[in-house]
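Chemist: Let me give you the structure first, and then I'll get to my questions.
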Amino acid sequence: MSVNVQRLHLSQPKTRTLAIYAALILLSVPFVFPFWWMVTSSFKSYSEIFAYPPTLLPHTWHFENYQHVFDLQPFVRQYWNSFYIATMVTLGTLCFSSLAGYAFARINFPGSSLLFLMLLSAIMMPSEVTIIPLFHYIQELGLTNSHIPLIILPMFAGPGITAVFMTRQYFLGLPTELEDAAFLDGLTRWGIYWRIALPLARPILVAVGILTFLASWNLFLEPLVLLSDQAKFTLPLALRGYTDPYGQPLWGEQLAATTLSVIPILAIYVFAQRQVVESFAFSGTKG
């Protein structure tokens, strides 16, 4: 009798764990199914894409959809444009946001709180409001149809300001005793930032890097307004170019191109998701 009771107690945690996993799997279906449908539909014909009920797997695999992606547009060049622009924006944002975030968090200077509040207020201004004067300004500088504005502007606009806020919140959580000990050891303010604060900020920098890269990768409005040469297009602009002579979408090619554009971002996030979760846990409410 006692042996059966003991087995029952041992089986209860396993049953509870299995029930939790089953519930999580069911809850994940609405989130996973659209991605699954996108990937599998990129191998389908037009009629099967819109078949009802939808098919989980193609009846006939149309690999030519992916070949057409590269035949209809300079997709490799456009892919490279998005990659190198997002990389440059990410590196620049990490540099400037970590410096500004550390300054706002650790250096007391007159008007710092007011300046930080004004900086945050810039996030509330939609990009659609400023895009027209911004276009005229860039046109006067002769930088239209160029990638330079797409690299510089995000560093000091919404993504860059968000990065400053996140790094500031993280630096506020670092113990002041570390700085006091560093000052006693003869380190300057720059030395403390470079040798102590920056290495400790790796989780938040990873999160800022991922979010900034993703924001730049998905940027649409600014490239739409500033770029006119198809060879200079980024991926969001390239995706809207897969149409037939009548302007109707080529759904197989669009889904194939979208799948190719999503997979690298998904892979980066999967490998770095732990750092993202840690950074948000540390950067929440201090200050």
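Chemist: Go through (1) polar (S, T, N, Q); (2) assigned to a helix (DSSP H, G or I); (3) in contact (Cβ under 8 Å) with a residue 60 or more places away in the chain and name the single condition Ser228 misses.
Modeler: If we test Ser228 against (1) polar (S, T, N, Q); (2) assigned to a helix (DSSP H, G or I); (3) in contact (Cβ under 8 Å) with a residue 60 or more places away in the chain, just (2) comes out false.
Chemist: Please verify whether Ile20 is crowded, with 17+ Cβ neighbours inside 10 Å and farther than 27 Å from Phe213 by Cα, treating the condition exactly as stated.
Modeler: No; evaluated as a whole, the condition is false for this residue.
Chemist: Criterion first (basic (Lys, Arg), at negative phi, free of Cβ contacts under 8 Å to residues at least 60 places away in the same chain and open to solvent by 40 Å² or more (accessible area, probe 1.4 Å)) does Arg240 satisfy it?
Modeler: So Arg240 fits the description; yes.
Chemist: Return the only residue of Ala163, Ala215 being touching a Pro at 6+ places or on another chain (Cβ under 7 Å) and within 27 Å of Asn81 (Cα to Cα).
Modeler: Working: Ala163 fails: touching a Pro at 6+ places or on another chain (Cβ under 7 Å).
Within the list Ala163, Ala215, the selection yields Ala215.
Chemist: Considering only residues that are among the β-branched types (Val, Ile, Thr) and either surrounded by 13 or more Cβ atoms within 10 Å (Cβ to Cβ) or assigned to a helix (DSSP H, G or I) (or both), which ones fall in the stretch 175-189? I'd like the intermediate steps shown before the answer.
Modeler: Quick first cut of the stretch 175-189, residues among the β-branched types (Val, Ile, Thr) only: 176, 188.
Matches in the stretch 175-189: Thr176 only.
Chemist: Here's something else I'd like to know. Go through Phe135, Phe116, Phe165 for me and flag whichever is part of a helix (DSSP H, G or I), over 22 Å from the mean Cα position of the chain (by Cα) and within 28 Å of Ile210 (Cβ to Cβ).
Modeler: Numbers: Phe135 fails: within 28 Å of Ile210 (Cβ to Cβ); Phe165 fails: over 22 Å from the mean Cα position of the chain (by Cα).
Within the list Phe135, Phe116, Phe165, the selection yields Phe116.
Chemist: So if I check each of Pro199, Pro203, which one is in a helix (DSSP H, G or I) and either on the phi > 0 side of the Ramachandran plot or open to solvent by 60 Å² or more (accessible area, probe 1.4 Å) (or both)?
Modeler: Values: Pro203 fails: either on the phi > 0 side of the Ramachandran plot or open to solvent by 60 Å² or more (accessible area, probe 1.4 Å) (or both).
Result: Pro199 is the single residue among Pro199, Pro203 that is in a helix (DSSP H, G or I) and either on the phi > 0 side of the Ramachandran plot or open to solvent by 60 Å² or more (accessible area, probe 1.4 Å) (or both).
Chemist: Could you run through the stretch 100-118 and say how many residues are touching a residue at least 60 places away in the same chain (Cβ under 8 Å) and loosely packed, with under 15 Cβ neighbours inside 10 Å? It would help to see each step written out before you state the result.
Modeler: Step one: filter the stretch 100-118 for residues touching a residue at least 60 places away in the same chain (Cβ under 8 Å), giving 100-102, 104-107.
After this cut, where a residue has to be loosely packed, with under 15 Cβ neighbours inside 10 Å as well, the list is 107.
Residues flagged as touching a residue at least 60 places away in the same chain (Cβ under 8 Å) and loosely packed, with under 15 Cβ neighbours inside 10 Å within the stretch 100-118 amount to 1.
Chemist: In addition: Cβ-Cβ distance below 8 Å, separation of 6 or more or different chains: which pairs start in the stretch 66-80 with a residue that is closer than 23 Å to His147 by Cα and end on one that is β-branched (Val, Ile, Thr) and open to solvent by less than 60 Å² (accessible area, probe 1.4 Å)?
Modeler: Note: pairs meeting the criteria are Phe75/Val69; Gln78/Thr234.
Chemist: Let me ask you something else. Which residue pairs have Cβ atoms closer than 8 Å, lie 6 or more positions apart in sequence or on different chains, and pair a first residue in the stretch 142-171 that is at positive phi with a second residue that is open to solvent by 30 Å² or more (accessible area, probe 1.4 Å)?
Modeler: Once the first residue is at positive phi and sits in the stretch 142-171, its partners that are open to solvent by 30 Å² or more (accessible area, probe 1.4 Å) give Asn145/Ser228; Asn145/Asp229; Asn145/Lys232.
Chemist: Right, here's the next one. Residue by residue through the stretch 249-287, note down the ones that are surrounded by fewer than 18 Cβ atoms within 10 Å (Cβ to Cβ), over 14 Å from the mean Cα position of the chain (by Cα) and modelled with pLDDT of 80 or more.
Modeler: Pro249, Trp251, Leu260
Chemist: Continuing with the same structure: Identify the residue in the stretch 227-237 that is under 16 Å from Ser261 (Cβ atoms) and in contact with a helix residue (DSSP H, G or I) (Cβ under 6 Å, 6 or more places away or on another chain) and, among all such residues, is most open to solvent (accessible area, probe 1.4 Å).
Modeler: Per the criteria, the residue is Phe233.
Chemist: Also: Just need a number here: residues in the stretch 55-72 that are in contact with a helix residue (DSSP H, G or I) (Cβ under 7 Å, 6 or more places away or on another chain), over 13 Å from Lys44 (Cβ atoms) and either basic (Lys, Arg) or open to solvent by 40 Å² or more (accessible area, probe 1.4 Å) (or both).
Modeler: 3
Chemist: Exactly one condition in (1) part of a helix (DSSP H, G or I); (2) open to solvent by less than 50 Å² (accessible area, probe 1.4 Å); (3) closer than 21 Å to Met88 by Cβ is false for Ser146; which is it?
Modeler: (1)
The values are calculated or read from the model by the stated rules, or taken from the named source; none is laboratory data. Since the model is a prediction, treat every value here as computed from it, not as a measurement. Ideal geometry is used to build each Cβ from the backbone, glycine not excepted, and the neighbour counts take in all protein chains shown. All accessible areas refer to the heavy atoms of the entire protein, side chains included, with ligands and DNA or RNA removed. Shrake-Rupley method; radii C 1.70, N 1.55, O 1.52, S 1.80 Å.
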